[in-house]
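One structure is given below, encoded as structure tokens.
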Amino acid sequence: MNDTDNVCLCFHVSHGKIRRFLQREQPQVVSKLSECLDAGTGCGWCRPFLKQMYQQWADGQPVQLTVNPASYATGRDRYKDRGTPEGNSADA
Ligand code: FES
């Protein structure tokens, strides 16, 4: 993903917005990312990915999701259709 790709597709919160939120706000817990334009508070698909970004930041690593935006969006569509977390992993 690049900074203009949306991580939270429900609320159109981009990779860059989340990355900058982490740098600016220094959140103590991953759930604070919801204060970044409600990221993660919709369908829930993006939560594992938000957690991965948070962990990268907390570990002092570059914050970067290495997922293809098109397959990410397709996975989220399937997730919403099925209502299950199948395929909803930041490790996939
Ligand atoms: S994609 Fe983030 S809550 Fe639905």
Residues being more than 7 Å from the ligand (Cβ to nearest atom) and under 10 Å from the mean Cα position of the chain (by Cα) - total across region 25-44: 1
Could you list, in sequence order, the residues of region 52-92 that are at positive phi and modelled with pLDDT under 95? G83, G87
What tally of residues in region 23-41 results from selecting those that are surrounded by fewer than 19 Cβ atoms within 10 Å (Cβ to Cβ) and either on the phi > 0 side of the Ramachandran plot or in a helix (DSSP H, G or I) (or both)? 11
C10 is checked against (1) more than 12 Å from the chain's Cα centre (by Cα); (2) part of a loop (DSSP other than H, G, I, E, B); (3) in contact (Cβ under 8 Å) with a residue 12 or more places away in the chain and fails just one. What number does that condition carry? (1)
Within region 15-24, residues away from the ligand (no atom under 12 Å from the Cβ), under 11 Å from the mean Cα position of the chain (by Cα) and either within 18 Å of S71 (Cβ to Cβ) or aliphatic (A, V, I, L, M) (or both) come out as H15
Which one is farthest from the ligand (Cβ to nearest atom), of the residues in region 45-65 that are part of a loop (DSSP other than H, G, I, E, B) and surrounded by fewer than 16 Cβ atoms within 10 Å (Cβ to Cβ)? G60
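The values are calculated or read from the model by the stated rules, or taken from the named source; none is laboratory data. From a predicted model like this one, the values you see are computed outputs, not experimental measurements. Backbone-built Cβ (ideal geometry, glycine too); neighbour counts: all protein chains shown.
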